[in-house]
Amino acid sequence: MLSVLQALQQVLSHAQPREPLNLQASDALGYVLAEDIACDLDSPPWDKALMDGYAVQAADVNAPGVKLRLLEEVTAGKVATQEVTSGTCTRIMTGAPLPRGADAVVVIESTTAAGEQIEMQQPARPEQNLLRQGASMRQGEVVLAAGSVLRPIEIGLLAEVGRALVSVIRRPTVAILSTGDELVPAAETPRGGQIRNSNGPLLAALVTAVGATPVPLGIARDNSAELEAKIAAGLAHDVLLLSGGVSAGVLDLVPQALASQGVRQVFHNVDLKPGKPLWFGASDKTVVFGLPGNPVSTLVCFKLFVQPALRKLAGEAGRVAPLVRTAVLREDFHQRSARETYFPARLEQEQATPLAWQGSADLRSLAKANALLRLAGGERHYAAGESVEVIDL
Ligand code: AMP
Ligand code: MG
């Protein structure tokens with residue numbers, strides 16, 4: 001049986017980035033860049049004042065009490081008309097271009113003005129309170145690399161370098177099919193033997209939270225004809241997520257129905273708890289996950305395998321697997337499983353409390369969880385105060 005890491009490597013080798021498209025930068029939040037972005041101008045484009053005050057020659061202002069003659073005033077958006085020479089100064093506001101001849105800005109608070117005579121109350125150092133042309137970016141320099149996720153900061157940076165239109169990777173669309181004779185939609189009241197379909201909405205929300213586009217396909221009954229028809233519809237998308245029907249029960253028909261629709265199996269079963277029956281395969285254009293039906297197994301498999309695949313399909317170049325951090329265990333915990341285990345926990349100030357949990361159908365307890373403890377397989381007692389690995393939910 002594959003380990004979690006081996007299974008993830010298989011998944012990622014089948015998840016290749018989608019094609020690029022052009023978008024207005026203002027619509028591109030959360031997308032991944034498909035091109036390197038270079039700066040079209042130096043930034044700042046000229047030497048620039050960083051404070052309100054006076055542009056001076058620092059050599060003039062070598063002691064308190066020096067008086068300089070005021071030439072003019074330059075506010076942001078204006079350009080000085082005169083050169084600052086020895087014995088003179090120009091009043092300048094934050095963001096305005098430094099006049100020729102000046103090499104420092106003295107803040108307004110350490111001066112006193114009497115008409116055209118400005119008295120400097122403190123000595124000045126060359127280069128103080130100014131930013132030289134190109135200090136932050138040089139024209140032609142790559143400021144954002146292909147594969148970067150566009151956060152609000154990057155959207156601002158795109159505007160600064162004059163990019164109104166950008167090439168990004170299309171986000172994957174994700175068909176979601178819940179399987180099971182027992183399932184009814186959330187709006188219905190279950191009757192004998194029935195339960196509500198919680199995985200469908202759970203998966204759609206998880207997909208949305210990653211920035212991909214969910215396409216709910218509803219519920220398929222446990223019969224081959226219905227499964228095959230709905231799988232065929234799902235194969236029009238980049239990803240097909242099925243829940244249920246991949247264990248060893250008599251009505252676990254999903255692997256067979258997928259094979260009949262031309263989906264090649266890559267693996268079935270992972271050394272993982274919960275989530276062992278995970279099925280993964282691919283057709284020509286779609287990667288397919290058969291997620292175990294138990295809601296918590298579905299969630300764990302989504303976090304460990306589906307989310308990294310979606311991030312890679314969306315073009316992310318860096319690490320796509322969930323970040324594993326360490327935390328301190330607040331209570332003793334006994335690991336009984338031989339399989340690598342992901343156990344729901346509440347993480348507060350880097351202290352992890354395992355939740356009282358009724359097994360992999362227990363979504364209610366999971367609602368208190370904001371992390372999963374990751375425990376190696378094999379029976380072992382963990383004492384309160386030990387350091388453990390956690391993944392944020
Ligand atoms: P299965 O993987 O089909 O054997 O399902 C395992 C367990 O998960 C069973 O108790 C199912 O009733 C439950 N289950 C399957 N699909 C869903 C779903 N969409 N929503 C909630 N529970 C489900
Ligand atoms: Mg089932």
* Asked: Picking from LEU272, LEU258, LEU241, LEU227, which residue would you name as being buried (at least 23 other Cβ atoms within 10 Å of the Cβ), under 28 Å from VAL4 (Cβ atoms), within 14 Å of ligand 2 (Cβ to nearest atom) and not β-branched (Val, Ile, Thr)?
  -> LEU227
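Within the stretch 223-231, is even one residue in contact with a Lys or Arg (Cβ under 9 Å, 6 or more places away or on another chain) and either within 13 Å of ligand 1 (Cβ to nearest atom) or part of a strand (DSSP E or B) (or both)? Talk me through it step by step, then tell me what you get.
Narrowing the stretch 223-231 to residues in contact with a Lys or Arg (Cβ under 9 Å, 6 or more places away or on another chain): 227.
Then drop every residue that is not either within 13 Å of ligand 1 (Cβ to nearest atom) or part of a strand (DSSP E or B) (or both), which leaves 227.
For the stretch 223-231, residues in contact with a Lys or Arg (Cβ under 9 Å, 6 or more places away or on another chain) and either within 13 Å of ligand 1 (Cβ to nearest atom) or part of a strand (DSSP E or B) (or both): present.
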* **Scope the stretch 33-72; condition under 19 Å from GLY162 (Cα atoms) and either of a type in the set (Ser, Thr, Tyr) or outside any loop (DSSP other than H, G, I, E, B) (or both); matching residues** => LEU33, ILE37, ALA38, SER43
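In the list VAL300, VAL320, which residue meets the criterion of being surrounded by fewer than 19 Cβ atoms within 10 Å (Cβ to Cβ) and of a type outside the set (Ser, Thr, Tyr)?
On the way: VAL300 fails: surrounded by fewer than 19 Cβ atoms within 10 Å (Cβ to Cβ).
Going through VAL300, VAL320 in turn, just one is surrounded by fewer than 19 Cβ atoms within 10 Å (Cβ to Cβ) and of a type outside the set (Ser, Thr, Tyr): VAL320.
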* Asked: Only one of VAL328, VAL300 is touching an Asp or Glu at 6+ places or on another chain (Cβ under 7 Å) and either closer than 28 Å to HIS381 by Cα or without any contact (Cβ under 8 Å) to a residue 12 or more places away in the chain (or both); which?
  -> VAL328
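Checking the condition assigned to a loop (DSSP other than H, G, I, E, B) and touching a Leu at 6+ places or on another chain (Cβ under 6 Å), which residue from GLN122, GLN133, GLN82, GLN128 passes?
Working: GLN122 fails: touching a Leu at 6+ places or on another chain (Cβ under 6 Å); GLN133 fails: touching a Leu at 6+ places or on another chain (Cβ under 6 Å); GLN128 fails: touching a Leu at 6+ places or on another chain (Cβ under 6 Å).
GLN82 is the lone residue from the list that is assigned to a loop (DSSP other than H, G, I, E, B) and touching a Leu at 6+ places or on another chain (Cβ under 6 Å).
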* Given the stretch 318-376, what strands (runs of 3 or more DSSP E) lie entirely inside it while holding 3 or more residues that are farther than 24 Å from VAL210 by Cβ and touching a Cys at 6+ places or on another chain (Cβ under 6 Å)? -> none
* To do: Only residues that are more than 31 Å from the chain's Cα centre (by Cα) and in a helix (DSSP H, G or I): list them for the stretch 233-283, please.
  => VAL254, PRO255, GLN256, ALA257, LEU258, ALA259, SER260
* To do: Starting from the stretch 163-183, take each residue that is more than 30 Å from ALA225 (Cα to Cα) and part of a strand (DSSP E or B) and list its partners that are polar (S, T, N, Q) and within 16 Å of ligand 2 (Cβ to nearest atom), counting only C-beta distances under 8 angstrom and pairs at least six apart or across chains.
  => none
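Determine, yes or no, whether GLY53 is at pLDDT below 95 and either assigned by TED's automatic domain parsing to the domain that holds SER297 or more than 30 Å from VAL239 (Cα to Cα) (or both). Lay out the reasoning, then the answer.
On the way: at pLDDT below 95: no; either assigned by TED's automatic domain parsing to the domain that holds SER297 or more than 30 Å from VAL239 (Cα to Cα) (or both): yes.
Answer is no for this residue.
The values are calculated or read from the model by the stated rules, or taken from the named source; none is laboratory data. Predicted model, so just to flag it, every value in this text is computed and none were measured. A quick note on method: Cβ atoms are made from the backbone with ideal geometry, for glycine too, and the neighbour counts reach across all protein chains shown.
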